[in-house]
Amino acid sequence: MTAPAPLLSVEHLTMRFGGLLAIDDLSLDVAARKITGVIGPNGAGKTTFFNCLTGFYKPTIGSVRLNHPQRGVLRLEALASHQVARSAQVVRTFQNIRLFPQMTVLENLIVAQHNALQHASRFSLAGLLGLPAYRRAEAAAMAKAVGWLERLKLIEKADTPAGALPYGMQRRIEIARALCVDPLLLCLDEPAAGLNPRESAELNELLKHLSRDEGIAILLIEHDMSVVMNVSDHLCVLNYGRKIAEGTPAQIQKDPNVIKAYLGEEDADEMRADELRADEAIDQEAVR
Ligand SMILES: Nc1ncnc2c1ncn2[C@@H]1O[C@H](COP(=O)(O)OP(=O)(O)OP(=O)(O)O)[C@@H](O)[C@H]1O
């Protein structure tokens, strides 16, 4: 049986800022309906990678092809950021929370759908006159927002200003807002940052639900290993802009290049020596 075509194919992606090579010849496939984690030490190029995928940066070299089920192959590197979200249905969240804090949770989710509403209003006239097409689009936007708030267990907070809610809940609202754009691929930049262990565990469940039950592919940048190792189907490790390893979480955890990148050469040697000593101790114990 042949493997299904990847949802996203990144080929030879390179991003240069003057003399700095932030992404260095990166190639990576992202599977549909799966969670792909992108990890690496600070400054490895993870956010730059997201910026190249989502139209915020034009890569210096390389291509990013999305296999859209209805629209065929789309070249993301040639699209502006609003087209990446609207036409390619590749949606992202940011490291820092970007909700409208004075608006209610529900309003934040409605605003995310302004493109659909703008179209239905034919850029204001139909909206001003309250024509049926606009009213239908408004009702659909409301139903979608309420649906996601229910599924993400946020419905009780629908009328609360987003800025008044705890940090972990605001992170969840950001994900709910991104879901209102019907993503095929959801790119999450450190969604566990600032969460306590209980909130991180809830995030794990949510991400698994979105990929397994809702069929949404997720690209996940995350430093919190309790999240990324738990939920990822596949991992890509970057260091100084280069891919240094790729595989399942179990493979990545024992990859010597990854251990070296995170711990440094000396600490990695020390860790290997500790492991050898522990193995020897077990062998001696077995002989006795
Ligand atoms: N707009 C920019 N102009 C110049 N250099 C940049 C720009 N954006 C990122 N960089 C540099 O590119 C490199 C990669 O940065 P990036 O933010 O992608 O790393 P990261 O892996 O996301 O790091 P962190 O985990 O700390 O968020 C860094 O050296 C950073 O200083």
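The values are calculated or read from the model by the stated rules, or taken from the named source; none is laboratory data. Given the structure is predicted, the values throughout are model-derived calculations rather than measurements. Neighbour counts run over all protein chains shown; Cβ positions are idealised from the backbone, glycine included.
Does region 91-100 include one or more residues that are more than 30 Å from D159 (Cβ to Cβ), surrounded by fewer than 19 Cβ atoms within 10 Å (Cβ to Cβ), modelled with pLDDT under 95 and not acidic (D, E)?
Within region 91-100, not a single residue is more than 30 Å from D159 (Cβ to Cβ), surrounded by fewer than 19 Cβ atoms within 10 Å (Cβ to Cβ), modelled with pLDDT under 95 and not acidic (D, E).
Given the criteria crowded, with 17+ Cβ neighbours inside 10 Å, within 12 Å of the ligand (Cβ to nearest atom), modelled with pLDDT of 95 or more and not charged (D, E, K, R), does T36 qualify?
So T36 fails the test.
Is at least one residue of region 54-65 closer than 24 Å to Q170 by Cα and touching a residue at least 60 places away in the same chain (Cβ under 8 Å)?
yes
With N96, N42 as the choices, which residue is without any contact (Cβ under 8 Å) to a residue 24 or more places away in the chain, within 15 Å of the ligand (Cβ to nearest atom) and under 20 Å from L179 (Cα atoms)?
Matching residue, one of N96, N42: N96.
Could you list all residues from region 50-72 that are out of contact with any Asp or Glu (no Cβ under 9 Å at 6 or more places or on another chain), more than 16 Å from the ligand (Cβ to nearest atom) and among the polar types (S, T, N, Q)?
Selection gives N67, Q70.
Please state which of the following conditions M1 fails to meet, knowing it meets all the rest: (1) at pLDDT below 95; (2) within 12 Å of the ligand (Cβ to nearest atom).
Every condition holds for M1 apart from (2).
Could you run through region 135-185 and say how many residues are over 27 Å from V90 (Cβ atoms) and of a type outside the set (A, V, I, L, M)?
Residues meeting the conditions: 8.
Would you pick out the residues in region 225-245 that are within 16 Å of the ligand (Cβ to nearest atom) and acidic (D, E)?
Correct list: empty.
Could you figure out which of (1) modelled with pLDDT under 95; (2) charged (D, E, K, R); (3) away from the ligand (no atom under 16 Å from the Cβ); (4) not in a helix (DSSP H, G or I) isn't true of E107?
Failed condition: (4).
Could you pull out the residue among E246, E266 that is modelled with pLDDT under 90 and not aliphatic (A, V, I, L, M)?
After applying the criteria, what remains is E266.
Looking for something outside any loop (DSSP other than H, G, I, E, B), modelled with pLDDT under 95 and buried (at least 20 other Cβ atoms within 10 Å of the Cβ) - is there at least one such residue anywhere in region 190-197? Can you show your working first?
Step one: list which residues in region 190-197 are outside any loop (DSSP other than H, G, I, E, B), which gives 197.
Okay, now just the ones that are also modelled with pLDDT under 95, so 197.
Subset that is buried (at least 20 other Cβ atoms within 10 Å of the Cβ): none.
Among the residues of region 190-197, not one is outside any loop (DSSP other than H, G, I, E, B), modelled with pLDDT under 95 and buried (at least 20 other Cβ atoms within 10 Å of the Cβ), which makes the answer no.
What about R86, is it closer than 26 Å to L206 by Cβ, surrounded by fewer than 22 Cβ atoms within 10 Å (Cβ to Cβ), of a type in the set (D, E, K, R) and within 16 Å of the ligand (Cβ to nearest atom)?
no
Give me a count of the residues in region 4-31 that are under 15 Å from A44 (Cβ atoms) and either at pLDDT below 95 or not aromatic (F, W, Y) (or both).
If we filter region 4-31 for residues that are under 15 Å from A44 (Cβ atoms), which is where we start, we get 13-15, 17, 20-26, 28.
Okay, now just the ones that are also either at pLDDT below 95 or not aromatic (F, W, Y) (or both), so 13-15, 20-26, 28.
Matching residues across region 4-31 total 11.
Taking region 198-224 as the region of interest, how many residues are of a type in the set (A, V, I, L, M) and free of Cβ contacts under 8 Å to residues at least 60 places away in the same chain? Outline the logic, then answer.
Just the residues of region 198-224 that are of a type in the set (A, V, I, L, M), to begin with: 201, 203, 206-207, 210, 216-221.
Now drop any that are not free of Cβ contacts under 8 Å to residues at least 60 places away in the same chain, which leaves 201, 203, 206, 210.
Number satisfying all stated conditions: 4.
Any chance region 163-174 includes a residue that's of a type in the set (D, E), closer than 17 Å to N108 by Cα and surrounded by 15 or more Cβ atoms within 10 Å (Cβ to Cβ)?
From region 163-174, those of a type in the set (D, E) are 174; that's our starting set.
Cutting the leftovers down to closer than 17 Å to N108 by Cα gives us 174.
Now restrict to residues that are surrounded by 15 or more Cβ atoms within 10 Å (Cβ to Cβ): 174.
Within region 163-174, one or more residues are of a type in the set (D, E), closer than 17 Å to N108 by Cα and surrounded by 15 or more Cβ atoms within 10 Å (Cβ to Cβ).
Using the structure shown, decide if G55 is at positive phi, in a strand (DSSP E or B) and of a type outside the set (V, I, T).
For G55, the condition - at positive phi, in a strand (DSSP E or B) and of a type outside the set (V, I, T) - is not met.
So which residues in region 19-52 are on the phi > 0 side of the Ramachandran plot and not in a loop (DSSP other than H, G, I, E, B), if there are any at all?
So the first thing to find is which residues in region 19-52 are on the phi > 0 side of the Ramachandran plot, and the list is 25, 33, 40, 43, 45.
D25 - this is the single residue of region 19-52 that is on the phi > 0 side of the Ramachandran plot and not in a loop (DSSP other than H, G, I, E, B).
If you go through region 53-74 one residue at a time, do you hit one that is among the aliphatic types (A, V, I, L, M), assigned by TED's automatic domain parsing to the domain that holds I221, exposed (fewer than 15 other Cβ atoms within 10 Å of the Cβ) and within 21 Å of Q113 (Cβ to Cβ)?
Keep residues of region 53-74 that are among the aliphatic types (A, V, I, L, M), which gives 53, 61, 64, 66, 73-74.
Now drop any that are not assigned by TED's automatic domain parsing to the domain that holds I221, which leaves 53, 61, 64, 66, 73-74.
Now restrict to residues that are exposed (fewer than 15 other Cβ atoms within 10 Å of the Cβ): 61, 73.
Of the ones still in play, those that are also within 21 Å of Q113 (Cβ to Cβ) are none.
The answer is no, given that none of the residues of region 53-74 is among the aliphatic types (A, V, I, L, M), assigned by TED's automatic domain parsing to the domain that holds I221, exposed (fewer than 15 other Cβ atoms within 10 Å of the Cβ) and within 21 Å of Q113 (Cβ to Cβ).
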